[in-house]
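The values are calculated or read from the model by the stated rules, or taken from the named source; none is laboratory data. All values derive from a computational prediction rather than experimental measurement. Every residue, glycine among them, receives a Cβ derived from its backbone with ideal geometry; neighbour counts consider all protein chains shown.
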Amino acid sequence: MDAVIASLPQYWDGFLRTLYLSVISGIIALIVGTILAAMRVSPVAALRGFSTFYVEVARNTPLTIIFFFAAIVLPRLGVKFEQFEVAAIIALSSYTAAFIAEAVRSGVNSVPVGQAEAARSIGMTFIQVLGFIVLPQAVRTVIPPLINILIALVKNSSVAGAFFVLELFGYGRQLSNDYGDQVLWILLGVAFFYLLITVPLGLLAHFVERKVAIAR
Amino acid sequence: MTSVLYDVPGPKARLYSLIGSAVGILLIVGILAIAVATLAQQGIFDAERWEIFYGPMAPDVWSLIGQGILSTLAAAAVAAIIAFPLGIALCLLRISLIPWIRIPTQVVLEFLRGMPVVLMMLFVLLVFATGQFQAVVVGLVLYNAAIFAEILRAGIQSLPKGQREAGLAIGLRSFQSRMSIEFPQAVRRMLPSLVAQLVVLLKDTSLGYIVGYEELLRKIQIMADFLGPNFLFPAFFVGAAIYILINLSVSRIAIWIERRGSKKTAGGVAAPSLRTGLMVGGNDPIAKDSVEGPEKK
């Protein structure tokens, strides 16, 4: 226990870095993922093909491999990062974007056909149909799965700890080295800080899910 | 292909689409060409760098890769075999009618689902001082059993109420009705999600790299360290390709099972689908959520 109390500053620093990684990667992934989903349903075959390829490959690649590529292989190829956080954000957002694209796409599918038909019958173009009619309605059904993806993102950010970024998991490894006799408490402390993020997000997902279910 | 999102393209739109596609392909090819040229400048494509895969070193290199694949698959297989029954047990406890069984199980499940798998692996490794293999397997089992339990619970809850009522009405006990009426249907209905979770489990074995388990990625790194930095990219390239191929083929199996299952569904209600077609209009957010429910890793 004393080890945990003694290393509270490190925990706090790690907690903030985990939050930082998750928030930045989450925002990038949301934007890229939505664009990928729009490409996936677009009339242009090349865009559809590219998006399908990207999503399939990214979803089937272990995150550790993407991290290995971003943090170890890329620098060897001459792409130098000043901070490894940048590599971590690239890896996390490119991985998560694929899952977000899938969720948004299934949200698009959940909007009743009549909505798109009505929009088209008054002469809207594809971009207008998607931007003004379908996506705003898809957002409702998509939010609970999106929150689940963001929870997974927070947990996935722990992989960064193994690739030179001192976030919660990274500090956990370091501290369990420093306090070899109190590993149990050190790691439970790390777990507590993760749950501090994931449990409220999970409750939020449940709440929103219930809201949406009633509204429909 | 027709979609409700846009008109069936006329000749003009087809032309534009064709031009757009051509430009897009050219753009991607251009970016790839620049990347390849940059890599070539660094000598990545020099024959001697790839010689490890066919030259005199090849048998050793491939046997190392083979060992890596085997230990990846072994960890995944053992974890899956233990996690599934444990998931069923946890699911039974989670839907138990007795509050003092149900509520603690719920807390445990939330705890397991809310934690990074790597952290559990490290925890097992350091606190119980096990070997790396055991740490990887236990970490995977704990996390995936919790997810399996949630998937099965969603499956049971998606069954029509009458199934259980009918079971109870013919005199089955609650537990008997669960096991002989509800579970078989739930498993069948949730098979696509269960197999999809198996893909996640397989992917997560790569986290073993972090706790020092000698799976494929770790073998690749050991190989690159041994052979020298020049061989890092070729080794990584081959390793990543193998990983992706294995995962893609398991994913294909999952999609195949889902297609097969959706033709003959149990219980009269169509099983929730993992990948709905473009705007099929099937509008059932609850069924969808139950599929999206389990977190992706």
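Quick look at the numbers
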item: Residues satisfying the stated conditions in the range A:1-20, i.e. in contact with an Asp or Glu (Cβ under 9 Å, 6 or more places away or on another chain) and either outside any helix (DSSP H, G or I) or of a type in the set (Val, Ile, Thr) (or both); result: A:Ser7, A:Thr18
item: B:Ser193 being assigned to a helix (DSSP H, G or I), touching a residue at least 60 places away in the same chain (Cβ under 8 Å), more than 9 Å from every other protein chain (Cβ to nearest Cβ) and surrounded by 18 or more Cβ atoms within 10 Å (Cβ to Cβ); result: yes
item: Residue, farthest from the other protein chains (Cβ to nearest Cβ), within the range A:90-127, restricted to residues that are farther than 23 Å from A:Pro144 by Cα and under 27 Å from the mean Cα position of the chain (by Cα); result: A:Ile90
item: Options B:Gln185, B:Gln176, B:Gln163, B:Gln157: the member that is farther than 21 Å from B:Pro116 by Cα, modelled with pLDDT of 85 or more, touching an Asp or Glu at 6+ places or on another chain (Cβ under 7 Å) and not aliphatic (A, V, I, L, M); result: B:Gln163
item: The range B:6-21, subset more than 10 Å from chain A (Cβ to nearest Cβ) and of a type outside the set (D, E, K, R), residue nearest to A:Met124 (Cα to Cα); result: B:Gly10
item: Test: residue in the range A:167-180 that is among the aromatic types (Phe, Trp, Tyr), more than 25 Å from the chain's Cα centre (by Cα) and over 30 Å from A:Pro9 (Cβ atoms); result: no
item: Selection from the range A:70-102 of residues that are surrounded by fewer than 22 Cβ atoms within 10 Å (Cβ to Cβ), in contact (Cβ under 8 Å) with a residue 40 or more places away in the chain and aliphatic (A, V, I, L, M); result: A:Ile72
item: Residue list for the range B:34-76, filter: within 30 Å of B:Val138 (Cα to Cα) and in contact with an Asp or Glu (Cβ under 8 Å, 6 or more places away or on another chain); result: B:Gln67, B:Gly68, B:Ser71, B:Thr72, B:Ala75
item: B:Ala80 being surrounded by 11 or more Cβ atoms within 10 Å (Cβ to Cβ) and more than 29 Å from the chain's Cα centre (by Cα); result: no
item: In the range A:1-38, the residues that are surrounded by 21 or more Cβ atoms within 10 Å (Cβ to Cβ) and hydrophobic (A, V, I, L, M, F, W, C); result: A:Leu21, A:Ala29, A:Leu36, A:Ala37, A:Ala38
item: Residue count, the range A:191-205 (criterion: out of contact with any Asp or Glu (no Cβ under 8 Å at 6 or more places or on another chain), within 7 Å of another protein chain (Cβ to nearest Cβ) and small (Gly, Ala, Ser)); result: 1
item: Elements of type helices (runs of 4 or more DSSP H) contained in the range B:88-188, each with 2 or more residues being touching a residue at least 12 places away in the same chain (Cβ under 8 Å) and of a type in the set (D, E, K, R); result: B:132-157
item: So A:Gln174, is it under 20 Å from A:Val4 (Cα atoms) and among the polar types (S, T, N, Q); result: yes
item: When residues of the range A:141-177 are limited to those that are buried (at least 24 other Cβ atoms within 10 Å of the Cβ) and in a loop (DSSP other than H, G, I, E, B), the one nearest to the other protein chains (Cβ to nearest Cβ); result: A:Glu167
item: Every pair of residues 6+ apart whose Cβ atoms lie under 8 Å, when the first sits in the range A:55-69 and is within 7 Å of chain B (Cβ to nearest Cβ) while the second is of a type in the set (D, E, K, R); result: A:Asn60/B:Lys203; A:Thr61/B:Lys203; A:Pro62/B:Lys203; A:Pro62/B:Asp204
item: Matching entry among B:Gly20, B:Gly66 (being part of a helix (DSSP H, G or I), at pLDDT 80 or above and surrounded by 16 or more Cβ atoms within 10 Å (Cβ to Cβ)); result: B:Gly20
item: Sole exception among (1) within 13 Å of another protein chain (Cβ to nearest Cβ); (2) crowded, with 17+ Cβ neighbours inside 10 Å for B:Val61, by number; result: (1)
item: Single residue of B:Phe183, B:Phe175 found to be away from chain A (no Cβ under 14 Å) and either crowded, with 17+ Cβ neighbours inside 10 Å or of a type in the set (Lys, Arg) (or both); result: B:Phe183
item: Residues of the range B:22-32 satisfying the condition of being at the interface with chain A (Cβ under 10 Å from one of its Cβ atoms) and not aliphatic (A, V, I, L, M); result: B:Gly24
item: Any pair with Cβ under 7 angstrom, 6 or more apart, that starts in the range B:228-245 at a residue that is more than 8 Å from chain A (Cβ to nearest Cβ) and ends at one that is surrounded by fewer than 21 Cβ atoms within 10 Å (Cβ to Cβ) and among the basic types (Lys, Arg); result: B:Asn230/B:Arg49; B:Phe231/B:Arg49; B:Pro234/B:Arg49
item: Out of B:Leu207, B:Leu216, B:Leu140, B:Leu198, sole residue that is within 13 Å of chain A (Cβ to nearest Cβ), buried (at least 24 other Cβ atoms within 10 Å of the Cβ) and modelled with pLDDT under 90; result: B:Leu216
